[in-house]
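Remarks on the structure that follows.
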Amino acid sequence: MGNEEKIRVLVADDSAFMRKVLVSILDSDGSFEVVGEARDGRETVEKSAKLKPQVITMDIMMPHMDGLQATEVIMSSEPRPILIVSSESRQGAEATLKALELGAIDFLAKPTSGIDLDMSTVRDELVRKLRTASKVRVVRNIPRQVPPRVAQMRPTAMDFAAAPAVVNGAKLPVVVLAASTGGPATLMQLVPSLPANLPAAVLVVQHMPGAFSAQFAEQLSAVSPIPVKHAANGDVLLPGRIYVCPGDCHMRVVPPGRISLEPGERIGGYRPCIDVTLESVANVVGPNAVVAVLTGMGSDGARGVMAIQENGGLVIAQDEATSVIFGMPSEAIKTGAVSQILPLEQIAAALSRRVGGPLRPLPATAQ
């Protein structure tokens, strides 16, 4: 592969050893050219403007200007695809998710195998995510106004007190928000637009490591008009509540309307697997299921949306113009099961319209 075809990468990390490991991985792959290294956020901003890399690997904890600040400056001035390479600590997870809000494309969790920082355990994922990020059409980040929460910042036990999952002989509507690459920032925009009195349970299935999903649920709660919780096994689905799937489990809905979390191997390369959730929702709530397939790489969800449609539910796909990566929505659309293709800003209203009317009774055989 000639140099002109290689993906130009800027590596930013305050650890000389980590920079060496990252550069070694990229050099050995053959499809990347490391055009520069940066030791802190300030240097990252300067070299990004000067070297114009196609993608940046960004550490979070750096001196002078941290990775969060550097991401904000780059994405608001001369935006470039940024892959966050961060620790799985609570502090690292919180900062990583904030960086994704600011426009970073994706993230990679540093391994915790000890002082040798064995990056070979994430070599394939690093290469795959950098290749994906390099193809993303980035836009300048404009800080958004977050609507104030009218409810409590953190859900209480009372918010999720058990109640019947069957109302007036009809199954409680279930909305599934399915996302992968670009999903955290997309969900942070979508969820605040949902009505506080939404008469449906909302499941969020985002491809994300388990160490990050609990923190993501907290950050989503801070902008949501609806109480949000990190889902637990056995949770009863309630209207006007959001349940975030833990990143180290597959999530199913089981009769009459409870969450079942299943630790296990990846399915089709994914954990959580969106198809698993969608197929269970289709079986349990039938025509009262509504799915929005949002930005993401790959085809997870394509099999599941067919089950949703076959059981009378509604499938919405985010359009290409507002998707960070159009992979998942595109694959869902190809199945023929998608009824509406909408820009992100119209999805919340479409979901609300679908579940806002009378509940749709299930056929007698499915009650």
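Brief remarks on what is shown
- Unique residue being within 28 Å of Ala109 (Cα to Cα) and of a type in the set (S, T, N, Q) when the list is Ser221, Ser280: Ser221
- Filter pass, Met297 being crowded, with 19+ Cβ neighbours inside 10 Å, assigned by TED's automatic domain parsing to the domain that holds Thr181 and closer than 23 Å to Leu83 by Cα: yes
- The condition (being crowded, with 19+ Cβ neighbours inside 10 Å and in the same structural domain as Ala201 (by TED's automatic domain parsing)) is satisfied by just one residue among Leu237, Leu261: Leu237.
- Considering residues of the range 41-58 that are charged (D, E, K, R) and surrounded by fewer than 19 Cβ atoms within 10 Å (Cβ to Cβ) only, the residue farthest from Leu100 (Cα to Cα): Lys50
- Qualifying positions in the range 227-271 - closer than 16 Å to Leu187 by Cβ, in contact (Cβ under 8 Å) with a residue 60 or more places away in the chain and hydrophobic (A, V, I, L, M, F, W, C): Val228
- Residue in the range 35-50 that is farther than 21 Å from Gly92 by Cα and among the β-branched types (Val, Ile, Thr) present: yes
- The lone exception for Ala104 - which of (1) modelled with pLDDT under 90; (2) touching a strand residue (DSSP E or B) at 6+ places or on another chain (Cβ under 9 Å) it fails: (1)
- For the range 57-70, the criterion of being under 17 Å from Leu22 (Cβ atoms) and under 16 Å from the mean Cα position of the chain (by Cα) is satisfied by no residue at all.
- Scanning the range 9-52 for residues that are in contact with a Gly (Cβ under 9 Å, 6 or more places away or on another chain) and in a strand (DSSP E or B) returns Val9, Leu10, Val11, Ala12.
- His207 being in contact with a Gly (Cβ under 9 Å, 6 or more places away or on another chain) and of a type outside the set (Lys, Arg): yes
- Within the range 237-295, the residues that satisfy the criterion of being within 19 Å of the chain's Cα centre (by Cα) and at positive phi are Gly268, Gly269.
- Condition check for Val305: assigned to a helix (DSSP H, G or I), in contact with a Ser or Thr (Cβ under 8 Å, 6 or more places away or on another chain) and of a type in the set (A, V, I, L, M): yes
- Within the range 79-103, residues that are within 20 Å of Ser323 (Cα to Cα) sit with their Cβ atoms under 7 Å from residues that are of a type in the set (D, E, K, R), at 6+ positions apart or across chains, in these pairs: Pro79/Arg140; Leu83/Asp106; Leu83/Lys129; Leu102/Glu72.
- Residue ID - surrounded by the most Cβ atoms within 10 Å (Cβ to Cβ), chosen from residues in the range 15-26 that are free of Cβ contacts under 8 Å to residues at least 24 places away in the same chain and in contact with a strand residue (DSSP E or B) (Cβ under 7 Å, 6 or more places away or on another chain): Arg19
- Flag not set for Met62, criterion: within 17 Å of Arg131 (Cβ to Cβ), touching a Gly at 6+ places or on another chain (Cβ under 7 Å) and among the hydrophobic types (A, V, I, L, M, F, W, C).
So that you can scan it fast, the table gives a plain yes or no per residue for (1) modelled with pLDDT of 95 or more; (2) in contact with a Pro (Cβ under 6 Å, 6 or more places away or on another chain):
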residue: Val202; (1), (2): yes, no
residue: His207; (1), (2): no, no
residue: Gly210; (1), (2): no, yes
residue: Ile242; (1), (2): yes, no
residue: Pro263; (1), (2): no, no
residue: Tyr270; (1), (2): no, no
residue: Val276; (1), (2): yes, no
residue: Ser280; (1), (2): yes, no
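- Test for Val11: is it at pLDDT 90 or above and either on the phi < 0 side of the Ramachandran plot or surrounded by fewer than 18 Cβ atoms within 10 Å (Cβ to Cβ) (or both): yes
- Residue list for the range 27-37, restricted to those being touching a residue at least 40 places away in the same chain (Cβ under 8 Å) and more than 12 Å from Arg123 (Cα to Cα): Ser31, Phe32
- Filter result for Phe17 (among the aromatic types (Phe, Trp, Tyr) and in contact with a helix residue (DSSP H, G or I) (Cβ under 6 Å, 6 or more places away or on another chain)): no
- You will find that of Leu314, Leu278, the residue that is free of Cβ contacts under 8 Å to residues at least 60 places away in the same chain and under 18 Å from Val174 (Cα atoms) is Leu314 and no other.
- Filtered residue count, the range 209-227, keeping only those that are of a type outside the set (Phe, Trp, Tyr) and over 24 Å from Pro343 (Cβ atoms): 11
The values are calculated or read from the model by the stated rules, or taken from the named source; none is laboratory data. Everything numeric in this text was worked out from a predicted model, so none of it was measured. Cβ coordinates were reconstructed from backbone atoms using ideal geometry, including for glycine residues, and neighbour counts include every protein chain displayed.
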